[in-house]
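Beneath this line is the structure, given in structure tokens, with notes to follow.
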Amino acid sequence: MNRIRPVLALAQRELRSWFITPVGYVYLVFFVALSNGLFFVLNRFFDMGQVSMRGWFGMLPWVYLFFVPAFSMGLWSEEKGRGTIETLLTLPLSEWQAVLGKFLAGLGFLALSLACTFTVPYTLSQVGNLDWGATLASYFGAFLMGAAFLAVGLLVSSLTRNQVVAFILSITVLFVMIMIGHPQMIMMLSTHFAHLSFFSGVVHWLSWSGLITHFGNISRGVIDTRDVIYSAVVVFVLLHLNVHLLRTQRWK
Amino acid sequence: MVEVRDLTKNYGKFTALQNVTFSVGKGQVIGLLGPNGAGKTTTMKILTTFMPQCAGSAVIGGNDTRVNPMEVRRMVGYLPESNPLNLEVTVLEALHFVAKIRGIAPKERSKAVAKIVDMCRLQSVQKKVIGQLSKGFRQRVGLAQAMIHDPQVLVLDEPTSGLDPNQIADMLNLIKELGRDKTVIHSTHILAEAEDTCDRVLILSRGVLVADSHPAKLARNAQGHQMVLRIENSNPEMAQKLSTLDWVQNTEQYGDLWHLYSSEKRDMGKELAEFCRVQNWLVSELAYKEPNLEQVFAHLTRRGDAQ
């Protein structure tokens, strides 16, 4: 309990810090507008004649690609830029506690953003017969995928004292992670390198390790334990790296 | 309370600290002096566990900074250089946050915050956002954050930099007051500050500890003691006569005023007056001047430049 309390105190402060200035609200508006805009306009919801949020969740990785780096870019880089990291890391707070506190704050913000989009399933349920079970399962999956994106954003944020650098770098890393398992990428790779016998194994492994692959199942409303474990492992590894980075950065 | 032994720190090829050894007793106020880049901040970062040393050890209250960093952090309050603060929150929010992380129980938290607000005289601004505060108030907020858990050891990195003269005096009084029951290590490059607040000064130069003494003692033991003498109707030939005194190393004449550099580290007034009487010179002024801390400091820290 005594180990959790400082983590929660830090998470609470970080979460609050988004809303002391209007910046948190701006991010929320951006997220809701972009995800709904893509869904209703680009995805031609009104022409489909289907009451389903699959299109909405299908767009989500691309929205996350910009949204998650936007709200996570400052988590460490701002502390470093201002020098407050020196006060924070000389408090009786381990690196793990500090990383967890920041990560939990990000999860809180993510949950809040997803909650703000509940108007979409509500609207759909008014015009037709929405499968609430599948929708809620997809929301759970969306949260898990967001957690993995966030862990990347947090890690990248600890590499620099400049928020803009953190933002751009996070987008780049996430883009690569999305592309690794993207169906079109996989298809291209397997046709081009079909003559290499060992390559089918590589392709299989790549498609398994990609962020999108696991989310594909979840967006259909299916929760597979393997996908949940995948997210948990990705998050754990990235947070662990983050802790390690904070420790080695102390030497400089 | 603080035991530092052979502390060494390299940044790549640059040696920031080299075999620095000192110890500080309970309730002492220590001034860490030295030109910029001498290793003051590095020493403080190591003492507060922000940064690990390359060799040597630092033990605070029986806890090694590398073996038991958490215990050290509980005992130490730290005001980093340039006083970094979260500018968007109010003074009270900032203090409550530190109190929470420090594990001060919810019931006692408000009491601890109120006490520190009172001590650092922040009552008038406690509900204001830190970004709107003047430099003097910000510095006190930084100090309040460092002291909220009533630490036994306070490490303050240039607590008076950027303050106006009145604020500096206030800050120094506060440090003196704190020094009654806490061990305080503070760095500065203003020597006058150290002279009247510190029980002891440590002077660092290029990562090496070049002096560890009481400020007054430091001045007394240094080179450069002078006798100042005014002789009516002086003439240049007097210089030769004055030089016959075996303790006079050098003479300087400014009209009737003479500066005699002495090899004796004490007041040579009597001997000098007697000498002048024998010579039949009319002495209208006679004074003894100890070297001041600035001279001592320059002497100690420039030695390295010559090499």
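Each reported figure results from applying straightforward, stated rules to the coordinates on display, with no laboratory input. All figures in this text were calculated on a predicted structure; none of them were measured in a lab. Cβ: placed from backbone, ideal geometry, glycine included. Neighbour counts: every protein chain shown.
Classify the protein assembly as shown as rounded, prolate or oblate from the Cα gyration tensor: take a ≥ b ≥ c as the square roots of its eigenvalues, call it rounded if a/c is under 1.5, otherwise prolate when a/b beats b/c and oblate if not.
Values: a/c = 3.39, a/b = 2.68, b/c = 1.26.
It comes out prolate by the Cα gyration axes.
Using +1 at the Cβ of each Lys and Arg and -1 at the Cβ of each Asp and Glu in the protein assembly as shown, identify which of A:V203, B:A146, B:G179 lies farthest towards the dipole's positive end.
Value: A:V203.
Where both partners of a DSSP beta bridge lie in the protein assembly as shown, what percent of those bridges are antiparallel, to the nearest 5?
On the way: 38 of 56 bridges.
Beta bridges within the protein assembly as shown, antiparallel portion: roughly 70 percent.
Can you tell me the FRET efficiency between B:N292 and B:K13 if r is taken as the Cβ-Cβ distance and R0 is 45 Å, rounded to the nearest 0.05? Let's see the in-between values first.
Details: r = 36 Å, r/R0 = 0.81.
After rounding to 0.05, the efficiency reads 0.80.
In debye, nearest 20, what is the charge dipole magnitude of region A:4-250 about its Cα centre with +1 on Lys and Arg Cβ and -1 on Asp and Glu Cβ, if you could check?
Working: 13 positive and 9 negative charges, 77 e Å.
The dipole of region A:4-250 has a size of about 380 debye.
Taking 41 Å as R0, compute the FRET efficiency from the Cβ-Cβ separation of A:T119 and A:V176 and round it to 0.05.
The computed FRET efficiency comes out at 0.80.
Pick from A:R82, A:R161, A:R13: which is most flexible by mean-square fluctuation in a GNM of chain A where alpha carbon atoms under 10 Å apart are linked?
A:R82
So, in nm, how far is label B:D181 from label A:F19 when the simple model puts each one 7 Å beyond its Cα toward the Cβ?
Going from the B:D181 label point to the A:F19 one covers 4.0 nm.
So if I take the centroid of the Cα atoms in region A:22-88 and the same for region B:7-61, what is the distance between those two points in Å?
The distance from the Cα centre of region A:22-88 to that of region B:7-61 comes to 45 Å.
Send over the semi-axes of chain B's equivalent ellipsoid, whole angstrom and largest first, taken as the square roots of 5 times the C-alpha gyration tensor eigenvalues. Present the calculation step by step, with values, prior to reporting the outcome.
Values: eigenvalues 446, 105, 48 Å².
Semi-axes, largest first: 47, 23, 15 Å.
Suppose the chain between A:N129 and A:R5 were pulled fully straight at 0.36 nm per residue; how much longer would it get relative to their current alpha carbon spacing? Can you show the working numbers first?
Numbers: separation 124, 0.36 × 124 = 44.64 nm, distance 4.39 nm.
Fully extending the segment from A:N129 to A:R5 adds 40.3 nm.
Using only the Cα atoms of region A:4-250, build the gyration tensor, take square roots of its eigenvalues as a ≥ b ≥ c, and label the shape rounded, prolate or oblate: rounded if a/c is under 1.5, else prolate if a/b is larger than b/c, else oblate. If you can, show how the numbers build up before the last one.
Details: a/c = 2.02, a/b = 1.28, b/c = 1.58.
Here region A:4-250 falls in the oblate category.
Pick from A:G141, A:G210, A:G133: which is most flexible by mean-square fluctuation in a GNM of chain A where alpha carbon atoms under 10 Å apart are linked?
Result for chain A, Cα springs under 10 Å: A:G133 fluctuates most.
Name the most mobile residue of B:E290, B:E88, B:E252, meaning the one with the largest mean-square fluctuation, in a Gaussian network model of chain B with Cα contacts below 10 Å.
It is B:E252.
Estimate the FRET efficiency between A:R220 and A:L196 by the formula 1/(1 + (r/R0)^6), using the beta-carbon distance for r and 41 Å for R0, to the nearest 0.05.
Details: r = 32 Å, r/R0 = 0.78.
After rounding to 0.05, the efficiency reads 0.80.
May I ask what percent, to the nearest 5, of DSSP beta bridges between residues of chain B are antiparallel?
Details: 38 of 56 bridges.
So the antiparallel bridges in chain B amount to around 70 percent.
Would you mind working out the magnitude of the charge dipole of the protein assembly as shown relative to its Cα centre, with +1 at each Lys and Arg C-beta and -1 at each Asp and Glu C-beta, to the nearest 20 Debye?
Working: 52 positive and 43 negative charges, 299 e Å.
Dipole about the Cα centre, nearest 20: 1440 debye.
Given points 7 Å out from each Cα along the Cα-Cβ axis, report the B:R66 to B:Q132 separation in nanometres with one decimal.
So the label points at B:R66 and B:Q132 sit 4.8 nm apart.
Compute the relative contact order of chain B as a whole-number percentage, counting only Cα pairs closer than 8 Å that sit 6 or more residues apart in sequence.
Details: 569 pairs, mean separation 60.3, N = 307.
The value is 20 percent.
Per residue of A:10-21, how many C-beta atoms from partner chains lie within 10 Å of its own C-beta, taken as a mean? Before the final figure, lay out each step's value.
On the way: counts 3, 0, 2, 8, 0, 0, 4, 3, 0, 0, 6, 1.
Partner-chain Cβ atoms within 10 Å, mean over residues of A:10-21: 2.
Give me the distance between the Cα centres of region A:170-237 and region B:66-133, rounded to whole Å.
With region A:170-237 and region B:66-133 each reduced to a Cα centre, they are spaced 46 Å.
Full extension from A:V51 to A:T248: what is 0.36 nm times the residue separation minus their Cα-Cα distance, to one decimal in nm? Walk me through the numbers before you get to the answer.
Details: separation 197, 0.36 × 197 = 70.92 nm, distance 5.12 nm.
Contour length minus the Cα-Cα distance gives 65.8 nm.
Modelled label-to-label distance, B:N173 and B:N233, 7 Å Cα→beta-carbon offset: nm?
Between B:N173 and B:N233, the simple spin-label model gives 5.4 nm.
At 222 nm, what helix-only mean residue ellipticity would chain A give, in deg cm²/dmol to the nearest 500, using -39500 (n - 2.57) for each DSSP H run of four or more?
Working: 14 runs with 199 residues, N = 252.
Only helices count here, giving -25500 deg cm²/dmol.
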